[in-house]
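Student: Let me give you the structure first, and then I'll get to my questions.
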Amino acid sequence: MALPYCRRIEVQQKRVILHHPDDILHLELCSPPANKTDRLFFEELSRIIADIDRYPETRGLVISGQGRHFSSGADIEELTDRLGQDDAAAILEATNRSLGSFQQLAQMPFPVVAAIQGCCLGSGMELALSCHYRICTKNALFSLPETGFGLMPGCGGTIRLPRLAGLGKTIELILSGKNLLADDALDLDIVDLIVDKNDLLDTARRLIEKHHQHFPSRKS
């Protein structure tokens, strides 16, 4: 679905754009085809999240990926290079910054909806898990493949996924790196709805409106 003409709060960045068509914002990962969550992504995401506070009329936020995929997750080459530098303080700082960005999304005072198509992997899946609602298309694919690279999910997935899928299934998914199709993710309550790709963004907006109908006196 093409985005409507809208004013942009941020000048275009290399990784993330925040659109402001009305009182429902749209954060778009804009480095297709992979929409990787690399260092630059987290730097831009932090700046945009800080800027959202300037718009108190906001009633919701939709997050999606430009192109065919939501996000393939971290840039593995960049990540392994960083780990290879053996600078524990720098690695800890970068991890805390990433965690902090996703935690801020989870604590937004209005509903945040991940609108997912294609691949939603690794820290891209952890980004979706930090949202209050997740909807996806039939072709969506979910996975936490970090163990295949000798790593563990580091952006909150080990905490948020068990709340949805249960501890046993979470351990299985993390240790195996198994792919989940959209129907499997729905069965595990990882996603709330499966919709046609042409209806993805409109459904996300309607979900925010429905949220406010049920909770008219609160934003979240």
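Bear in mind that the values in this text are calculations on the coordinates, not laboratory data. These numbers come from a predicted model, not from an experiment. All Cβ positions, even for glycine, are placed from backbone atoms using ideal geometry, and neighbour counts span all protein chains on display.
Student: Holding the Cα-Cα limit at 27 Å, pick out from K14/K197; K36/K210; K14/K169; K14/K178; K178/K210; K14/K210 the pairs that are longer than that.
Tutor: K36/K210; K14/K169; K14/K178; K178/K210; K14/K210
Student: Given only helices, namely DSSP H runs of n ≥ 4 each adding -39500 (n - 2.57), what is the per-residue ellipticity at 222 nm of the chain, to the nearest 500 deg cm²/dmol?
Tutor: Value at 222 nm, helices only: -12500 deg cm²/dmol.
Student: Also, quick follow-up: Calculate how many DSSP beta bridges within the chain are antiparallel, expressed in % of all such bridges and rounded to the nearest 5.
Tutor: Antiparallel: roughly 30 percent of the beta bridges in the chain.
Student: For labels at R163 and F149 in the simple 7 Å Cα→Cβ model, what's the distance in nm?
Tutor: The modelled label-to-label distance comes out at 2.5 nm.
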